[in-house]
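This report concerns only the one structure given below.
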Amino acid sequence: MISIHQAPMLLKYSLGILIVMNCRFGFSLLIACSLLSAQEFRANISGTVTDPSGAPISGARVEAISAERQVRYEALSNDAGIYLIRFLPPGVYSLTVQKEGFKRAQRDRLTAQGADRLSVDIRMEIGGVTESVTVTGETPLLATETASRSVTLEQKYVDDLPTSGRNVYQLLFSQPGVIKTGGYWGSFELYAFGNMNGIMINGGRSGENETLIDGVSSVRGSRSASFAPALNAIQEVTMLTNSYDASFGRFGGGVTSIVLRTGTNQLHGQLFEFIKNDNLNSNGYSANAANVRRPEYKNNTFGFTVDGPVVIPKLLNGKNKLFWMLSLESLRERNPQIQLWTVPTAAERRGDYSQIVDSQRRSISIYDPLTTRTNPNGAGFIRTPFAGNVIPGGRINPVAAKLMEFYPAANRVSENVDGQNNYLFVNSSKNSYNQWLGKLDWAITDRHRVSGRYGETPWSNFARVQWGTNAAEPSSEYPSTRISRNWAADWTYTVSASTVFNLRAGLARYEGFSGNTFGRDYDPRQLGFPDRLVSQFVGLQFPRFNFAGNNISPLGAAQTSGYEASDAYSLQPNVQHNRGRHSLKYGAEFRRYNQNNIRPASASGNYTFNRNWTQANPQQADALSGAFLATFQLGYPTSGFVDRNMDPAYRNPYMTFFFQDDWKITRTLTINAGLRWDYEGPARERYNRQIRGFAFDQASPIASRVQGLSLKGGLLFAGSNGLERDAFNRDWNNIQPRIGVAWQIAPKWVLRGGYGLYYLGQNGVGSDAGFSRQTAMIASTDNNLTPAASLSDPFPQSLFPTGLLQPIGSTQGLATNLGLAVGAQLLDRPLPKSHQFSFGFQRTLGQTWLLDASYVGNLTRDLPLGAGLNFLAADTLNSIPAANRQTYFSQQVPNPMAGLLPGSAFNGTTVPRQQLLFAYPQYQQVSINNIAAGAQTYHALQAKATRRFSNGLAMQASYTWAKTMERVSLLNAQDVNLANLRSTRGEQRLSADDIPHTISMVSSYELPFGKGRQLLSGVNGVTDAILGGWNVSAQYIRRGGQPIEFPNAAPNVARSAKLSNSQRDELAKKAGRSEFNPFFDKYFDTSIFPTTAQAPFTLRD
């Protein structure tokens, strides 16, 4: 992505036009620059003051003066001659040193970036204090004071680099060790919270990162980012990829630290307009392939930033002490979205499937589920196909027939022989926001400084409409809105020349609304659902109908209204003290996370249809039998449920205490040593409406009434029968050592390395079973051989004699949800932990280039994984020949639990044999989550070259070579260790986000034309306004692909599925196209992929 920029105009040729108007008030240009590195977002300048012989000078007065604000920051050198000036806002400083008997020393134009740790040694000369010596030199490039690794994008990059949505998080994708996860790479406006933290940093799990704005956390308990400042309000952004500073924690990847602008002594202003529209954008590839014209698209992002001193004529002159900043970014977007779906054809609406074929023109047959019988010629079961592949009119379910009427007619001819994607709709999506962000900084005295800020982004959105003409409209974003609010305050008190106290507090709040006005309040009785059922619903809406394949459009919204709110409160006191060669920092942080939801969800029902009821073998899918719509028309859902949810209110505390000692052993050797202790309290629900684990070894309430089975287990409830209110057992043992070494082995070389242990955050809660009751449809009572209910009466009285499940709270104790699928969390769950380490070097080239190369590792352990405990043990499976397993394990046998499991599929006189062989046969399934048995491993070589802005050019280039492996899922259910769940070992595989190679580059170049430049320096003002001030910026990323599932890995055929370009073109020509087209053609040779699903009752190797 490339942009060309001039002071009054910035052209972003790839995406649109950005017009920037810089307004100058007074005589100062808009100037800023900086960097970052720790939980503390401000910079330090330290060094040693010596006499001409190199002996340390104690008591020297060292003063850093801000060039932009004329605010002074002071320190005294100690007995070792060491001084330390803390809490410097990013900017340009001059440094002066005074001591009786020595000439006054001065160092100008030191650029301090964020939490930079600049090392500036001063050698004084003998003389009077009225004499002065000015020391020249560039700001140091080498990081000689810390082993922590970071990358900073200073304001030059933030202002100039092109982004498709003016979102600073997009700039992070080009940094070494950063992997953008997920498949979306499009426009990120300031409401795109889901994409902001969707990155993997240095091999940490995706999203397991921290985001700080002016040093205050801006993430929710789930680690999702909750606020994105407008670019024009940002001074710089730093990504900390390896931190050996104990003040950082609660992450497993890295930290993104954003520093907001601070006003200066001059009034500055900036206006901007960022334009994107269909005339500037190219059409989408798939739209071109489908002959769909480029839809009309209008996006205007506009606003301003103003900052300066607080001046009230004749009342207050805030120069040198009181500063303000205010920014506005507004979005107005009309973004018609192309909806490409499959809808029933005229023949399918009549039940005629005689013409359906797959992508290889092979006919697909549909079978009658009511003809299921044992295969007389082999293993398993068979069915009889419908004559002529047509469902008789009398077999079409009346509810399904009515639902078919809600579908729009097909309006385009499919490009594929299988008829998919025969409906296209271009909707009129629209969204908007006005983000306000203000900040105030006040230097009350030389010892007291305070600042405060507030920002909000209220976003309104109407989108994803698929037809918008009736109550069956599926959109869940009509409307959807988000409101993000962010507060923070900071107080710094200089206690003495060697001690500084800082107190910081903040609140990050996020609210989200979602829904569908089309289907809200719709009465399902109009579709033919029985009154006996509908009268039990707690809310009326159009039911949801899903299809498991072929891109068939769903009907109805999954939820027509919903609300969530999350809060993250933060309080951070800390003290920093300089003693001898030790720079000490100790402090604490206290957070409170709240999460509240209103979630009616699918209160009027949600049904899913697969091919299972119309496929040849009821227990094994294949490519040439069964149709989703045929299953739907027969009225036999594969699964379904009705929600009756409570509205939870969760909260959990977090606190930490830390100590950090940066010990400058010699002028060339520094050790960073720290210790941190975290406690993250398990979540509590306000009224104890959550499960607290599973009683693995306690006898079931029905155990004494069942012969031949030893029934154990049941759900435990928080705050009930003397149990704790917390979702998990408390974990008090989260001690995290940090150690780093920085050794300047030569003037231009630094070796750096370190190790740190980090504990990740937790966001787990207990199930709300009993308080919320989801009534699951009993689709079959004979192991999915024949249907047990239909759309005409999906919850028949014969299976649900007491009706839909009603909330019972904890009143039934261990007897809760007997016969149903239940879930619980493993109580003994330590927090996941990350072992991070690095070793590498830095080297300067000339005065402007810095090279950095490091080995980086990240070993994440105790990651949560989930497991189902009801499975057939491998020994049991293998005791029966594979050909006989379907018949043997599905055979109906006498049920010793008959009559004890009402409202379930296992209450009858017989049950499938497999049910009685499970660990917990009184349940359909027992799912345990948060089992601390997962792991992820990352190793990488990261290399980076950085050119500091000089002679109009700033540049960063990097290369990452990495490998990421994970164990977070099971290959087979039988891999669970029932005796010790935490010893369960997941499948070792490449991470879905494993990217072996990444090359990236960012650059900004000021063209040398106009006044004060190399060329045309003598032009007049008008000519300079036209020809001067141009800038060219670029951002480039090239990376390897992500791993994909490969069905031929066994292999089924002894050759690779990889095709050459010429082979792909040849296959496309056989299909009637001139060359390969990814919209229609397969990239791999899918003919060698299996055409049938894994055989039932078998194991994967």
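Would you check if S566 is farther than 30 Å from S792 by Cα, among the polar types (S, T, N, Q) and surrounded by fewer than 20 Cβ atoms within 10 Å (Cβ to Cβ)? Please lay out each step first, then the result.
Numbers: farther than 30 Å from S792 by Cα: yes; among the polar types (S, T, N, Q): yes; surrounded by fewer than 20 Cβ atoms within 10 Å (Cβ to Cβ): no.
No.
Taking into account only those residues within the range 885-904 that are hydrophobic (A, V, I, L, M, F, W, C) and touching a residue at least 24 places away in the same chain (Cβ under 8 Å), which is farthest from P921 (Cα to Cα)?
At the first step, the residues of the range 885-904 found to be hydrophobic (A, V, I, L, M, F, W, C) are 889, 893, 897-898, 900-901.
Filter again for touching a residue at least 24 places away in the same chain (Cβ under 8 Å), leaving 889, 897, 900-901.
Details: F889: 14, M897: 9, L900: 12, L901: 11 Å.
Once the filter is applied, the top-ranked residue is F889.
Of all residues in the range 842-870, how many are farther than 30 Å from L978 by Cβ, in contact with a strand residue (DSSP E or B) (Cβ under 6 Å, 6 or more places away or on another chain) and assigned to a loop (DSSP other than H, G, I, E, B)? Give the derivation first.
Here is the first cut: in the range 842-870, the ones farther than 30 Å from L978 by Cβ are 842-858.
Filter once more, keeping what is in contact with a strand residue (DSSP E or B) (Cβ under 6 Å, 6 or more places away or on another chain): 842-844, 848-858.
Applying the additional criterion that residues be assigned to a loop (DSSP other than H, G, I, E, B) yields 848.
Total satisfying the criteria: 1.
Just to be sure, is Y184 closer than 18 Å to Q1035 by Cβ and hydroxyl-bearing (S, T, Y)? Please lay out each step first, then the result.
Values: closer than 18 Å to Q1035 by Cβ: yes; hydroxyl-bearing (S, T, Y): yes.
Taking the combined requirement at face value, the residue satisfies it.
Determine, yes or no, whether L141 is assigned to a helix (DSSP H, G or I) and either surrounded by fewer than 19 Cβ atoms within 10 Å (Cβ to Cβ) or at pLDDT 80 or above (or both). Show your work before the answer.
Numbers: assigned to a helix (DSSP H, G or I): no; either surrounded by fewer than 19 Cβ atoms within 10 Å (Cβ to Cβ) or at pLDDT 80 or above (or both): yes.
So L141 does not fit the description; no.
Take E511 and tell me if it is over 25 Å from N320 (Cα atoms), among the charged types (D, E, K, R) and assigned to a strand (DSSP E or B).
It is true that E511 is over 25 Å from N320 (Cα atoms), among the charged types (D, E, K, R) and assigned to a strand (DSSP E or B).
For the range 824-843, give me each residue that is surrounded by 22 or more Cβ atoms within 10 Å (Cβ to Cβ) and in contact with a helix residue (DSSP H, G or I) (Cβ under 8 Å, 6 or more places away or on another chain).
L826
If I ask for residues that are surrounded by 16 or more Cβ atoms within 10 Å (Cβ to Cβ) and outside any helix (DSSP H, G or I), which ones from the range 282-301 would you list? First the steps, then the outcome.
Pass one, the range 282-301, residues surrounded by 16 or more Cβ atoms within 10 Å (Cβ to Cβ): 287, 290, 292, 295, 297, 299-301.
Of everything in the range 282-301, those that are surrounded by 16 or more Cβ atoms within 10 Å (Cβ to Cβ) and outside any helix (DSSP H, G or I) turn out to be A290, V292, P295, Y297, N299, N300, T301.
In the range 480-512, how many are surrounded by fewer than 17 Cβ atoms within 10 Å (Cβ to Cβ) and closer than 18 Å to A601 by Cβ?
Total meeting the criteria: 0.
Within the range 520-531, is there a residue that is touching a Pro at 6+ places or on another chain (Cβ under 7 Å), buried (at least 16 other Cβ atoms within 10 Å of the Cβ) and either within 30 Å of F87 (Cβ to Cβ) or among the charged types (D, E, K, R) (or both)? Spell out the reasoning first.
So the first thing to find is which residues in the range 520-531 are touching a Pro at 6+ places or on another chain (Cβ under 7 Å), and the list is 524, 528.
In the following step, the residues that additionally are buried (at least 16 other Cβ atoms within 10 Å of the Cβ) were identified as 524, 528.
Then keep just the ones that are either within 30 Å of F87 (Cβ to Cβ) or among the charged types (D, E, K, R) (or both); that gives none.
No, there is no match, as no residue in the range 520-531 is touching a Pro at 6+ places or on another chain (Cβ under 7 Å), buried (at least 16 other Cβ atoms within 10 Å of the Cβ) and either within 30 Å of F87 (Cβ to Cβ) or among the charged types (D, E, K, R) (or both).
Name the residue that is nearest to G284 (Cα to Cα), counting only residues in the range 1066-1080 that are touching a Lys or Arg at 6+ places or on another chain (Cβ under 9 Å) and without any contact (Cβ under 8 Å) to a residue 60 or more places away in the chain.
Only one residue fits best here, namely F1076.
Looking at (1) in contact with a helix residue (DSSP H, G or I) (Cβ under 8 Å, 6 or more places away or on another chain); (2) within 25 Å of S792 (Cα to Cα), can you tell me which one F381 breaks?
Among (1) in contact with a helix residue (DSSP H, G or I) (Cβ under 8 Å, 6 or more places away or on another chain); (2) within 25 Å of S792 (Cα to Cα), the lone unmet condition for F381 is (2).
Select from the range 942-984 the residues that are surrounded by 15 or more Cβ atoms within 10 Å (Cβ to Cβ) and of a type in the set (K, R) and write down the one among them that is nearest to the chain's Cα centre (by Cα).
Only one residue fits best here, namely R967.
With the structure loaded, tell me whether S222 is buried (at least 24 other Cβ atoms within 10 Å of the Cβ), outside the structural domain of A112 (by TED's automatic domain parsing), at pLDDT below 90 and more than 25 Å from L326 (Cα to Cα) or whether it fails that test. Before you say what the answer is, go through the steps one by one.
Details: buried (at least 24 other Cβ atoms within 10 Å of the Cβ): no; outside the structural domain of A112 (by TED's automatic domain parsing): yes; at pLDDT below 90: yes; more than 25 Å from L326 (Cα to Cα): yes.
Judged against the criteria, S222 is not a match.
Yes or no: the range 62-70 includes at least one residue that is outside any loop (DSSP other than H, G, I, E, B), more than 30 Å from K276 (Cβ to Cβ), in contact with an Asp or Glu (Cβ under 6 Å, 6 or more places away or on another chain) and at pLDDT 85 or above. If you could, list the steps in order and put the result at the bottom.
Applying the first criterion (outside any loop (DSSP other than H, G, I, E, B)) to the range 62-70 yields 62-66.
After this cut, where a residue has to be more than 30 Å from K276 (Cβ to Cβ) as well, the list is 62-66.
Adding the requirement that they be in contact with an Asp or Glu (Cβ under 6 Å, 6 or more places away or on another chain) leaves 63.
Next, only the ones that are at pLDDT 85 or above stay: 63.
Checked against the condition, which is being outside any loop (DSSP other than H, G, I, E, B), more than 30 Å from K276 (Cβ to Cβ), in contact with an Asp or Glu (Cβ under 6 Å, 6 or more places away or on another chain) and at pLDDT 85 or above, the range 62-70 yields at least one hit.
Is it the case, given these coordinates, that N895 is modelled with pLDDT of 95 or more, farther than 26 Å from G934 by Cβ and not hydroxyl-bearing (S, T, Y)?
Numbers: modelled with pLDDT of 95 or more: yes; farther than 26 Å from G934 by Cβ: yes; not hydroxyl-bearing (S, T, Y): yes.
So N895 fits the description; yes.
Results for (1) within 42 Å of the chain's Cα centre (by Cα); (2) part of a loop (DSSP other than H, G, I, E, B); (3) touching a residue at least 60 places away in the same chain (Cβ under 8 Å), shown as yes or no for each residue.
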{"residue": "S1017", "(1), (2), (3)": "no, yes, no"}
{"residue": "I1026", "(1), (2), (3)": "no, no, no"}
{"residue": "R1038", "(1), (2), (3)": "yes, no, no"}
{"residue": "P1043", "(1), (2), (3)": "yes, yes, no"}
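Among L804, L785, L757, L716, which is the only one that is part of a strand (DSSP E or B) and in contact with a helix residue (DSSP H, G or I) (Cβ under 9 Å, 6 or more places away or on another chain)?
On the way: L804 fails: part of a strand (DSSP E or B); L785 fails: part of a strand (DSSP E or B); L757 fails: in contact with a helix residue (DSSP H, G or I) (Cβ under 9 Å, 6 or more places away or on another chain).
The conditions single out L716.
Test each condition in (1) over 25 Å from N232 (Cα atoms); (2) modelled with pLDDT of 90 or more; (3) surrounded by fewer than 18 Cβ atoms within 10 Å (Cβ to Cβ) for F386 and report the one that comes out false.
Single failed check for F386: (3).
Going residue by residue through the range 733-751, is there one that turns out to be assigned to a loop (DSSP other than H, G, I, E, B) and touching a Gly at 6+ places or on another chain (Cβ under 9 Å)?
First, pick out the residues of the range 733-751 that are assigned to a loop (DSSP other than H, G, I, E, B): 733, 747-748.
Keeping just the survivors that are touching a Gly at 6+ places or on another chain (Cβ under 9 Å) gives none.
No: the range 733-751 contains no residue that is assigned to a loop (DSSP other than H, G, I, E, B) and touching a Gly at 6+ places or on another chain (Cβ under 9 Å).
Out of the range 956-1007, which residues are more than 26 Å from Y938 (Cβ to Cβ) and assigned to a strand (DSSP E or B)?
S1003, S1004, Y1005, E1006
Check G708 against each of (1) within 20 Å of L901 (Cα to Cα); (2) at pLDDT 95 or above and name the one condition it does not meet.
(2) is the only condition that G708 fails.
Those residues that are hydroxyl-bearing (S, T, Y) and more than 43 Å from the chain's Cα centre (by Cα), I need them from the range 342-366; list them, please. If you could, list the steps in order and put the result at the bottom.
Initially, the range 342-366 is screened for residues hydroxyl-bearing (S, T, Y), giving 342, 345, 353-354, 359, 363, 365.
The one that is hydroxyl-bearing (S, T, Y) and more than 43 Å from the chain's Cα centre (by Cα): S354.
Checking the condition in contact (Cβ under 8 Å) with a residue 24 or more places away in the chain and touching a helix residue (DSSP H, G or I) at 6+ places or on another chain (Cβ under 9 Å), which residue from R332, R361, R395 passes?
Values: R332 fails: touching a helix residue (DSSP H, G or I) at 6+ places or on another chain (Cβ under 9 Å); R361 fails: touching a helix residue (DSSP H, G or I) at 6+ places or on another chain (Cβ under 9 Å).
Being in contact (Cβ under 8 Å) with a residue 24 or more places away in the chain and touching a helix residue (DSSP H, G or I) at 6+ places or on another chain (Cβ under 9 Å) holds for just one of R332, R361, R395, which is R395.
Among the residues of the range 857-885, what is the count of those that are more than 42 Å from the chain's Cα centre (by Cα) and of a type in the set (V, I, T)?
1
Have a look at P1078, P1096, P1043, P1090 and point out the one that is surrounded by 11 or more Cβ atoms within 10 Å (Cβ to Cβ) and over 30 Å from Q974 (Cα atoms). Spell out how you get there, then give the answer.
Numbers: P1096 fails: over 30 Å from Q974 (Cα atoms); P1043 fails: over 30 Å from Q974 (Cα atoms); P1090 fails: over 30 Å from Q974 (Cα atoms).
Being surrounded by 11 or more Cβ atoms within 10 Å (Cβ to Cβ) and over 30 Å from Q974 (Cα atoms) holds for just one of P1078, P1096, P1043, P1090, which is P1078.
Which is aliphatic (A, V, I, L, M), under 27 Å from G719 (Cβ atoms) and surrounded by 18 or more Cβ atoms within 10 Å (Cβ to Cβ), of A769, A779, A821, A815? Break it down stepwise before answering.
Working: A779 fails: under 27 Å from G719 (Cβ atoms); A821 fails: surrounded by 18 or more Cβ atoms within 10 Å (Cβ to Cβ); A815 fails: surrounded by 18 or more Cβ atoms within 10 Å (Cβ to Cβ).
The match here is A769.
The values are calculated or read from the model by the stated rules, or taken from the named source; none is laboratory data. None of the values given here were measured: they were computed from a predicted structure. Positions of Cβ are generated from backbone atoms using ideal geometry, with glycine treated the same way; all protein chains shown enter the neighbour counts.
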